[in-house]
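S.K.: Encoded as structure tokens, here's the structure I'll be asking about.
The values are calculated or read from the model by the stated rules, or taken from the named source; none is laboratory data. Here the structure is a predicted model, which is why all the values come from computation and not from measurement. Cβ sites come from the backbone with ideal geometry, for glycine too, and all protein chains shown count toward neighbours.
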Amino acid sequence: MSPALTGGALLAAQAVERTDVPARGVLRVTFDPRIMTWNDQFTDAGRMKLGAPLTGDTVGGRYIPVVARLEQNVRVASGLSNFVASLGAGLFSVRQERRTYPMSAEFGITDRLSVSLMVPIVRVSTRASLQLSNRGATLGVNPLVQNQPGARGTDSVFFAQFDSALARLDQQAGGCAPPPSPCAARDSSARWHAVRDALHGSVYGVGQTGSPFLPLDTSPAGKAIDTTIAHIRQGLNLTFGIAGFDTTVALASDTLTGSAFEQILLSPDPNGFGYASVPFRRNFRYRMGDVELAAKYRLLAGAHYAAAVQALVRLPTGAKDSADDFLMQWIGDHQLDLEGRVTQEVSVGPLWLNLAVHAGVQRPGTRVRRVAPWDAFLVPAAATAALRWDPGDYVGVDVAPLVRLAPEFAAGFTAGYFSKARDHYAFQSAQDSVALATRLGFPTPASVLDAGTSQRWLRLGFALTYHAPSVEGGFSIEQTVSAAGLVPGATVYRIVLRTTRKFF
């Protein structure tokens, strides 16, 4: 082995895998902490801030499905076709961080063959703050969220009277001649049933999914709903002689506050979202990630070129995360991966180039998710289901050209490309699909989660390396510069520390 290549290999403790293996009977221990930080992400709709769903002059139904559904119901109930549901103006700041502390031990079986074990400890943290203003708000808290019957009467009495009046109207419509013969009772019944159903969906939601918000009683939509109900009561009484309907629906009496919003997010009640973590503050947790077992064989170790291959098994040891975590970050995949790696080194004078290619097959498993499109920011707990999950296979390429500036020190650039195929979700049984449709009030395919799971990203950065007789180390910084799918716009900091010990 030439002195040039030996020096390059010793200086390779950086962001790209190296070709050398510890000699026979030598144990090499590596501590390789990595820190990822980001406050935005790449999506199929472009790059966006993590806090974008609750930021803007109108925080509404774009990212909150229950608000979008409420908006449609209010348009029917109020007759205002241009009604826009808004919780107010918001500024949501989110910064996420992921720290991985892998500790690996690699033991030389021969001078070319080694086996290794890597155990990662993962720390994920989120800092979030929400400033919510009532400027432009058209919605407030549903009185049912706080078990308030409402100052204008209880909803149960309102709908009981409304249903009773419509039932009597339907009896009159039953005596009409079949269409196309005109019938005022039949026409009025169709219109007023639509209003009743829209109001019921606004107050109680659909299926087992509640409605945490309602129009403000002082807003144009609230006043229009009151007017619509008054006209229906008048028509029932004067035109059809149906009395006994004298109440009105209880709407929101005040705009949403930050504390009330937090209560809605945490509440397990059907009118809440049932998230487990306290959202608008800093939180973090430590867990063990997926353990890796690997065997590596150095194929070539020439004067200017070296190559090695590695087979790796990633075990499903990582802690399982909960779909109830707000701003969820996964600790690990918790399923079996089989990965192959090929690493090559080229050394010419002070120049040293490292190229590593890895590809993996991810075995199917199960995962608990809230079933909703990728851009649904707040999803009710009723959407939670245990699903069959087939994660996409992946391939990655890392390259690092270095220049030796001194016998113990080198510096250069790094580039990394990664591509993963789309995941596939499916219900474990037909009954699971029916149960989810019952809870949500409408059928939702598990495949809605597939969108956004394919990934491609490119990272660029630089690296520094140093080595001494018994200790070597490296430092690198990389930035995600382009991506497709749901990919954090992350900055990655990595430190590599290695030491060796000979046993025989």
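S.K.: For the range 222-243, indicate whether the set of residues that are in contact with a strand residue (DSSP E or B) (Cβ under 9 Å, 6 or more places away or on another chain), of a type in the set (A, V, I, L, M, F, W, C) and closer than 26 Å to VAL379 by Cα is non-empty.
M.R.: No, because not a single residue in the range 222-243 is in contact with a strand residue (DSSP E or B) (Cβ under 9 Å, 6 or more places away or on another chain), of a type in the set (A, V, I, L, M, F, W, C) and closer than 26 Å to VAL379 by Cα.
S.K.: Within the range 282-295, does at least one residue satisfy the condition of being over 21 Å from the mean Cα position of the chain (by Cα), closer than 30 Å to ILE35 by Cα and surrounded by 19 or more Cβ atoms within 10 Å (Cβ to Cβ)?
M.R.: Within the range 282-295 (the criterion being over 21 Å from the mean Cα position of the chain (by Cα), closer than 30 Å to ILE35 by Cα and surrounded by 19 or more Cβ atoms within 10 Å (Cβ to Cβ)), the answer is yes, since at least one residue qualifies.
S.K.: I've got another one for you. Right, ALA323: crowded, with 18+ Cβ neighbours inside 10 Å, under 27 Å from VAL434 (Cβ atoms), at pLDDT 95 or above and under 20 Å from the mean Cα position of the chain (by Cα) or not?
M.R.: The answer is no for ALA323.
S.K.: Taking PRO443 as the residue in question, decide whether it is surrounded by fewer than 15 Cβ atoms within 10 Å (Cβ to Cβ), farther than 23 Å from ARG370 by Cβ and without any contact (Cβ under 8 Å) to a residue 12 or more places away in the chain.
M.R.: no
S.K.: Is it true that GLY90 is in contact (Cβ under 8 Å) with a residue 24 or more places away in the chain, closer than 29 Å to VAL124 by Cα and crowded, with 21+ Cβ neighbours inside 10 Å?
M.R.: Here the answer is yes, as GLY90 does meet what is asked.
For every residue, the table says whether it meets (1) outside the structural domain of SER93 (by TED's automatic domain parsing); (2) out of contact with any His (no Cβ under 6 Å at 6 or more places or on another chain); (3) part of a loop (DSSP other than H, G, I, E, B); (4) at pLDDT 95 or above.
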residue: PRO182; (1), (2), (3), (4): yes, yes, yes, no
residue: ARG186; (1), (2), (3), (4): yes, yes, no, no
residue: SER189; (1), (2), (3), (4): yes, yes, no, no
residue: VAL195; (1), (2), (3), (4): yes, yes, no, yes
residue: THR218; (1), (2), (3), (4): yes, yes, yes, no
residue: ALA221; (1), (2), (3), (4): yes, yes, no, yes
residue: THR228; (1), (2), (3), (4): yes, yes, no, yes
residue: GLY241; (1), (2), (3), (4): yes, yes, yes, no
residue: ASP246; (1), (2), (3), (4): yes, yes, yes, no
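S.K.: Look through the range 382-403, keep the residues that are small (Gly, Ala, Ser) and not in a strand (DSSP E or B), and return whichever of them is nearest to the chain's Cα centre (by Cα).
M.R.: Looking at the filtered set, the residue picked out is ALA383.
S.K.: Still on this structure, please answer the following. Working carefully through the options VAL115, VAL119, VAL145, find the one that is over 23 Å from the mean Cα position of the chain (by Cα), modelled with pLDDT under 95, among the β-branched types (Val, Ile, Thr) and not in a loop (DSSP other than H, G, I, E, B).
M.R.: Of the residues listed, the single one that is over 23 Å from the mean Cα position of the chain (by Cα), modelled with pLDDT under 95, among the β-branched types (Val, Ile, Thr) and not in a loop (DSSP other than H, G, I, E, B) is VAL145.
S.K.: So is THR366 among the polar types (S, T, N, Q), touching an Asp or Glu at 6+ places or on another chain (Cβ under 9 Å) and at negative phi or not?
M.R.: no
S.K.: May I ask you to verify whether LEU486 is buried (at least 18 other Cβ atoms within 10 Å of the Cβ) and either within 30 Å of PRO270 (Cβ to Cβ) or not assigned by TED's automatic domain parsing to the domain that holds VAL371 (or both)?
M.R.: no
S.K.: Oh, and also: Among the residues of the range 159-170, are any modelled with pLDDT of 90 or more, assigned to a strand (DSSP E or B) and either out of contact with any His (no Cβ under 7 Å at 6 or more places or on another chain) or of a type in the set (D, E, K, R) (or both)?
M.R.: Checked against the condition, which is being modelled with pLDDT of 90 or more, assigned to a strand (DSSP E or B) and either out of contact with any His (no Cβ under 7 Å at 6 or more places or on another chain) or of a type in the set (D, E, K, R) (or both), the range 159-170 yields no hits at all.
S.K.: On to the next question. State whether the residues of the range 146-158 include one that is in contact with a Ser or Thr (Cβ under 7 Å, 6 or more places away or on another chain), at positive phi and touching a residue at least 60 places away in the same chain (Cβ under 8 Å).
M.R.: Looking through the range 146-158, at least one residue is in contact with a Ser or Thr (Cβ under 7 Å, 6 or more places away or on another chain), at positive phi and touching a residue at least 60 places away in the same chain (Cβ under 8 Å).
S.K.: Moving on to the next point. Taking the range 308-320, which residues are hydrophobic (A, V, I, L, M, F, W, C) and crowded, with 17+ Cβ neighbours inside 10 Å?
M.R.: ALA308, LEU312, listed by residue number.
S.K.: Could you check how many residues of the range 186-224 are crowded, with 19+ Cβ neighbours inside 10 Å and either out of contact with any helix residue (DSSP H, G or I) (no Cβ under 6 Å at 6 or more places or on another chain) or touching a residue at least 40 places away in the same chain (Cβ under 8 Å) (or both)?
M.R.: 22
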